[in-house]
Amino acid sequence: MKIKTLEKTIEIPEGVTIVIDGRTITIKGNKGEILRKWDNPRIKVKSEKNMITLTAEKPTNREKKDMFTLRAHIVNIQRGVMEGHIYKLKICSGHFPMNVSVSKTDVSVKNFLGEKVPRVYKIKPGVDVKLDGDFIIVESCSKEIAGDTAASIERLTRITNRDRRIFQDGIYMIMKDGKEIK
């Protein structure tokens, strides 16, 4: 049986302001501001007092999927502009003394497995990367940008043509936005 109207509501926490303009939603909080656009014109978004309402008339499976995805993005954005998203990486070096340095624009890994040329990653705008001993902390109000930066730093020390059971040097993610990795 086809659903006539699918409607989902999201509560807006205190300290968050939301502006809806066409198919663009802007969410502001004390940590920053994020702008999100959605493609599906059949999903209507409106804001009333402290609630956001997503509605779709006679939704297809694709529109249902898009609505639930947009809902998850809005919830993550609200959490990000209030608290921020944090990813934590650990620096492991067993064979060669690896040097990691972080500046405002890039992350540099020197002497990785005895390499002469340093490996460098350019940090995207909107992300704070800090070095704390053997740990790299990636923080941003956007979960997508923080996760992408953490994954790119981890990929920076990818090992090829060696036995991974022996050469375990590298930078590895140990915490993904509140979830411990085992």
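Among the candidates V117, V107, V102, single out the residue that is closer than 30 Å to K37 by Cβ and outside the structural domain of I25 (by TED's automatic domain parsing).
From the options V117, V107, V102, the qualifying one is V107.
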From the options G114, G178, residue that is of a type in the set (G, A, S), exposed (fewer than 13 other Cβ atoms within 10 Å of the Cβ) and out of contact with any strand residue (DSSP E or B) (no Cβ under 8 Å at 6 or more places or on another chain): G114
Search region 49-69 for residues that are within 18 Å of I18 (Cα to Cα) and pair each with any residue that is of a type in the set (A, V, I, L, M, F, W, C) and part of a loop (DSSP other than H, G, I, E, B) when their beta-carbon atoms are under 8 Å apart and the residues are at least 6 apart or on different chains. N50/I12; M51/I12; I52/I12
Going by what's in this entry, would I43 be described as within 29 Å of E139 (Cβ to Cβ) and not polar (S, T, N, Q)? no
Could you tell me which residue of region 93-103 is nearest to V127 (Cα to Cα), considering only residues that are at pLDDT below 90 and not small (G, A, S)? M98
Unique residue being farther than 30 Å from Y121 by Cα and surrounded by 17 or more Cβ atoms within 10 Å (Cβ to Cβ) when the list is M67, M51: M67
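Look at S140 and say whether it is polar (S, T, N, Q) and at pLDDT 90 or above.
Values: polar (S, T, N, Q): yes; at pLDDT 90 or above: yes.
It is true that S140 is polar (S, T, N, Q) and at pLDDT 90 or above.
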Hey, any hits in region 139-152 for a residue that's exposed (fewer than 14 other Cβ atoms within 10 Å of the Cβ) and without any contact (Cβ under 8 Å) to a residue 12 or more places away in the chain? no
Result of the Cβ filter at 8 Å on region 93-110, keeping first residues that are in contact (Cβ under 8 Å) with a residue 40 or more places away in the chain and partners that are polar (S, T, N, Q) and assigned to a strand (DSSP E or B), at least 6 apart or interchain, is V100/S108; V107/S101; V109/N99
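The values are calculated or read from the model by the stated rules, or taken from the named source; none is laboratory data. For clarity, every value in this text was computed on a predicted model and none was experimentally measured. Cβ sites come from the backbone with ideal geometry, for glycine too, and all protein chains shown count toward neighbours.
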